[in-house]
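J.: Would you mind keeping the following structure in view while I ask a few things?
The values are calculated or read from the model by the stated rules, or taken from the named source; none is laboratory data. Everything numeric in this text was worked out from a predicted model, so none of it was measured. Neighbour counts are summed over all protein chains in view; Cβ atoms, including those assigned to glycine, are modelled from backbone coordinates with ideal geometry.
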Amino acid sequence: MSGNRHIVCYHSPMTRSTGTVVLLEELKADYELKVLNMKANEQRGAAYLAVNPLGKVPAITHNGALITEQGAIYAYLGDLYPEAGMTPVIGDPLRGPYLRWLFFYGSAFEPAIGDRMNKIVPLERASPYGSYDAVIKTVTDQLAKGPYILGDKKTVADVLWSVAMGWITMFGLVEKTPLIDAYIKRCHSEANDKVMAMDQKLSADHEAAVKAKG
Ligand SMILES: N[C@@H](CCC(=O)N[C@@H](CS)C(=O)NCC(=O)O)C(=O)O
């Protein structure tokens, strides 16, 4: 693919955008970060709300076009950097399942986790995902086929799922079973370590900046 592939990524440490930065690293993408200090509530300031009116990260821009929502961001970046070999391209039989698992994440898994966190048990027929148990079983059955979510090869979808599973099991919203633990470890790469080290420093800097303001 030719043309300008420079990505601007709005990021706040230790959040969902951490996974996006891991993906940018794994794709060896040309990118820059615009870092928001959430401890200072910068994501709710007018400047960022003009970028993403929801005040949420991740958000990316490419040639001035805004992309929000992790599933869309991951699909977009995977297509923009196909040479990384982490994207089943159109025509590949795994393209459909690939999109399924990227979108399942945002359309079923996140709502199920969000309801769990908020102690909401919705009517199955009125929720976008059925039941929490059905969602967790569907994902874990898929991971059990392994070694990656689409089978033998690690894809962009694994960056999304493994980073998310890392946070979500840490917060106790999903049990860290041996299957999930092994999956997280299998997907772990140098990029995870690099971004985590950066995030730890950013986080400490943000804390210090807020304290200094009093
Ligand atoms: N639907 C969004 C969710 C993004 C999201 O919830 N981001 C959190 C960080 S983990 C956020 O920006 N929270 C800041 C806030 O609400 O003030 C996506 O999938 O990208």
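J.: For region 3-25, state whether one or more residues are at pLDDT below 95, outside any helix (DSSP H, G or I) and surrounded by fewer than 16 Cβ atoms within 10 Å (Cβ to Cβ).
T.: Yes, region 3-25 contains a residue that is at pLDDT below 95, outside any helix (DSSP H, G or I) and surrounded by fewer than 16 Cβ atoms within 10 Å (Cβ to Cβ).
J.: Across region 166-180, which residue is surrounded by the most Cβ atoms within 10 Å (Cβ to Cβ) among those that are touching a residue at least 12 places away in the same chain (Cβ under 8 Å) and closer than 16 Å to PRO147 by Cβ?
T.: Checked region 166-180; the qualifying residue surrounded by the most Cβ atoms within 10 Å (Cβ to Cβ) is ILE180.
J.: If you take the residues in region 28-46 that are touching a residue at least 40 places away in the same chain (Cβ under 8 Å) and under 19 Å from the mean Cα position of the chain (by Cα), which one is farthest from the ligand (Cβ to nearest atom)?
T.: This residue is LYS28.
J.: While we're here: Which one of the conditions (1) of a type in the set (S, T, N, Q); (2) more than 20 Å from the chain's Cα centre (by Cα); (3) surrounded by 13 or more Cβ atoms within 10 Å (Cβ to Cβ) does ASN118 fail to meet, given that it meets all the rest?
T.: That leaves (3) as the condition not met.
J.: Which condition number in (1) surrounded by fewer than 21 Cβ atoms within 10 Å (Cβ to Cβ); (2) free of Cβ contacts under 8 Å to residues at least 40 places away in the same chain; (3) closer than 14 Å to TYR105 by Cα is the one that THR140 fails?
T.: Going through the list (1) surrounded by fewer than 21 Cβ atoms within 10 Å (Cβ to Cβ); (2) free of Cβ contacts under 8 Å to residues at least 40 places away in the same chain; (3) closer than 14 Å to TYR105 by Cα, THR140 breaks only (2).
J.: Looking only at region 73-105, count every residue that is more than 15 Å from the ligand (Cβ to nearest atom) and of a type in the set (A, V, I, L, M, F, W, C) and tell me the total.
T.: 7
J.: Further, regarding this structure: Considering only region 48-70, how many residues are small (Gly, Ala, Ser) and within 14 Å of the ligand (Cβ to nearest atom)?
T.: 2
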